[in-house]
Amino acid sequence: MNKRNRQLILVILLALIFLPIRQVNAAETSEISAFMPGEDSINDSDSSSIQSSGLPNTIYLPLVQNGNNGGVYYVSTSGNDNNPGTLSQPWRTIQKAARTLVAGETVLIRGGTYRETILPANSGTAGNYITYGAYPNEAVIVDGSGINLSNPSEGLVNVKNKHYIIIQDLTIQNSRNIGVYVSGTSNPKVLSSNIFLTNLKVLNSNNEAIKVFLADKILIENSYTKESVSSGIGVWHSSNIIVDNNTVVNARNLPMPQGHEECITISFVANFEVKNNEVYFENFNNYLGAAGIDIKNSSYEGSVHHNYVHNFYQDGAIYLDAWEAGLNGTPSLHNVDIYSNRIEHAGGISIGSERGGTVENINIYNNIVIDSNFSGILLHATGGNGLRKNINIYNNTIFRSTGNGGAGIYIATANIETILIKNNIVDFGPKWVGQITLAYPSVKNKITVDRNLTWGRTECSQDFPNCLELNN
């Protein structure tokens with residue numbers, strides 16, 4: 001065992017001793033509940049210095065208790081749309097079911113490949129969802145090969161202005177635009193709501209794999225996306241969103257201008273939870289990459305936790321970007337907790353303001369960052385330099401760098417107020433880097449640094465030759 005491996009084991013053991021990661025096992029209730037943090041704090045006499053983000057404790061989505069009052073219908077590649085849709089006389093197309101089903105009804109799709117678009121015509125009701133799913137133990141593929149989607153706001157599966165719908169156990173592939181699109185309308189404003197996307201596989205999308213726009217109470221869970229030109233999962237202008245236990249591979253897989261957004265994008269979203277997801281690139285040296293998980297614009301009241309982001313050639317960060325949040329009467333990006341994530345061979349955790357917006361009331365804790373390509377945790381001024389305020393960075397473990405010029409925890413902006421850096425373990429070598437570094441010593445009075453364990457090189461970069469290494 002070489003010296004660096006021994007050191008890594010030591011760092012992890014110290015993290016296990018000093019930085020316990022809180023695991024939340026919520027008891028089953030009559031509702032689907034997503035834990036939202038806000039309770040965790042440093043367990044010592046100075047814990048009062050940590051300000052709560054003010055997050056609500058839970059996002060509630062209704063438990064699906066589908067009465068199937070209207071019955072179960074069937075679709076098969078050997079069926080006919082003139083049939084009654086029974087098991088022995090199934091329909092031929094999924095769209096026939098989409099035009100027919102009403103509240104409480106289910107369609108089970110027999111195995112095979114269906115080259116068609118799906119546009120549900122009706123909504124379910126509370127307790128009587130409309131369900132689209134595969135017949136048990138059969139593989140269903142909805143294939144967009146050769147299907148033109150001329151409208152840029154169109155998906156191969158297109159749920160628009162609908163409510164109480166479940167789509168599950170399907171593969172959606174080769175869309176010339178979006179794979180699965182859940183949307184409302186802005187004028188008049190109608191939000192799609194109570195849509196559950198479960199156990200989907202969305203492959204080879206020429207835009208987002210899964211996109212949500214103008215919606216409320218949306219669950220995206222246990223799904224897999226691969227090879228999307230834009231986000232694997234992108235949520236915009238929505239509320240009460242849970243993104244849970246998904247795998248996103250090779251998202252944003254083309255350089256700009258074709259490729260855009262991030263692997264998982266949360267933008268202008270109120271009340272969200274992004275948890276238990278894995279985000280990575282295969283053959284990552286062939287991809288420039290993008291942010292692994294990006295919380296941006298006027299998003300607020302949310303958490304990002306227990307995710308695994310890894311194998312990015314560049315970037316790959318869990319990123320908070322205010323953009324223009326807080327300007328022109330818009331809300332700031334605020335009240336977000338980032339905790340218990342593992343980030344490996346990627347971009348660490350970064351907070352930016354690319355168009356001068358404000359980020360405030362952020363807690364970053366109990367994360368493990370290994371082999372970051374620039375910094376473990378970074379506040380930067382790239383592209384814009386809006387205010388970063390009330391940022392608490394504590395109980396994180398940061399080990400080893402793969403590039404020069406950064407720092408384990410790097411405050412590389414002077415536009416800050418009330419920054420706390422406490423109880424972190426940082427060994428960010430062996431490259432030309434710092435450990436806990438402030439680029440602008442003139443603002444050191446705005447930072448509290450206490451009880452961190454650091455070792456390794458403490459070098460200033462060429463960009464900030466007069467940096468200050470912050471000790472306890």
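Quick notes
- The range 290-309, subset hydroxyl-bearing (Ser, Thr, Tyr) and farther than 22 Å from residue 355 by Cα, residue surrounded by the most Cβ atoms within 10 Å (Cβ to Cβ): 303
- Among residues of the range 130-158 that are in contact (Cβ under 8 Å) with a residue 60 or more places away in the chain, those with a beta-carbon under 6 Å from a residue that is open to solvent by 60 Å² or more (accessible area, probe 1.4 Å) at least six positions away or on a different chain give the pairs 135/110.
- Residue 173 vs. criteria under 25 Å from residue 86 (Cβ atoms) and either touching a strand residue (DSSP E or B) at 6+ places or on another chain (Cβ under 9 Å) or of a type in the set (Gly, Ala, Ser) (or both): no
- Filtered residues of the range 207-225 (kept if closer than 19 Å to residue 169 by Cβ and among the aromatic types (Phe, Trp, Tyr)): 224
- Within the range 389-406, tally of residues that are touching a Phe, Trp or Tyr at 6+ places or on another chain (Cβ under 6 Å) and on the phi > 0 side of the Ramachandran plot: 1
- Residues in the range 446-472 that are open to solvent by 60 Å² or more (accessible area, probe 1.4 Å) and among the aliphatic types (A, V, I, L, M): 453 only.
- Single condition residue 181 does not satisfy, out of (1) surrounded by fewer than 19 Cβ atoms within 10 Å (Cβ to Cβ); (2) under 21 Å from the mean Cα position of the chain (by Cα): (1)
- If you go through the range 373-400 and pick out every residue that is of a type outside the set (Lys, Arg) and touching a strand residue (DSSP E or B) at 6+ places or on another chain (Cβ under 6 Å), you end up with 15.
- Condition check for residue 157: under 17 Å from residue 211 (Cα atoms), at pLDDT 95 or above and not in a loop (DSSP other than H, G, I, E, B): yes
- Pair list, Cβ < 8 Å and 6+ apart or interchain, from the range 210-231 residues that are crowded, with 24+ Cβ neighbours inside 10 Å to residues that are outside any strand (DSSP E or B) and basic (Lys, Arg): 228/252; 230/252; 231/252
- Failed criterion for residue 328 (all others in (1) closer than 23 Å to residue 214 by Cα; (2) touching a residue at least 24 places away in the same chain (Cβ under 8 Å); (3) over 15 Å from the mean Cα position of the chain (by Cα) hold): (2)
- Listed by position, the strands (runs of 3 or more DSSP E) contained in the range 68-148 that have at least 2 residues being of a type in the set (Gly, Ala, Ser) are 130-134.
- Qualifying positions in the range 143-162 - within 23 Å of the chain's Cα centre (by Cα) and open to solvent by less than 60 Å² (accessible area, probe 1.4 Å): 154, 155, 156, 157, 158, 159
- Of all residues making up the range 388-445, the number that are open to solvent by less than 40 Å² (accessible area, probe 1.4 Å), part of a strand (DSSP E or B) and of a type in the set (Ser, Thr, Tyr): 5
- Yes/no for residue 304 being β-branched (Val, Ile, Thr), within 21 Å of residue 205 (Cβ to Cβ) and not in a loop (DSSP other than H, G, I, E, B): no
- Any strands (runs of 3 or more DSSP E) falling wholly within the range 186-293 and containing at least 3 residues that are more than 28 Å from residue 313 (Cβ to Cβ) and among the aliphatic types (A, V, I, L, M): 215-221
The values are calculated or read from the model by the stated rules, or taken from the named source; none is laboratory data. For clarity, every value in this text was computed on a predicted model and none was experimentally measured. Quick reminder, even Gly has a Cβ in these numbers, built from the backbone with ideal geometry, and neighbours come from all protein chains shown. When the accessible area is computed, the model is the full protein with side chains, heavy atoms only, and any ligands, DNA or RNA have been set aside. Shrake-Rupley method; radii C 1.70, N 1.55, O 1.52, S 1.80 Å.
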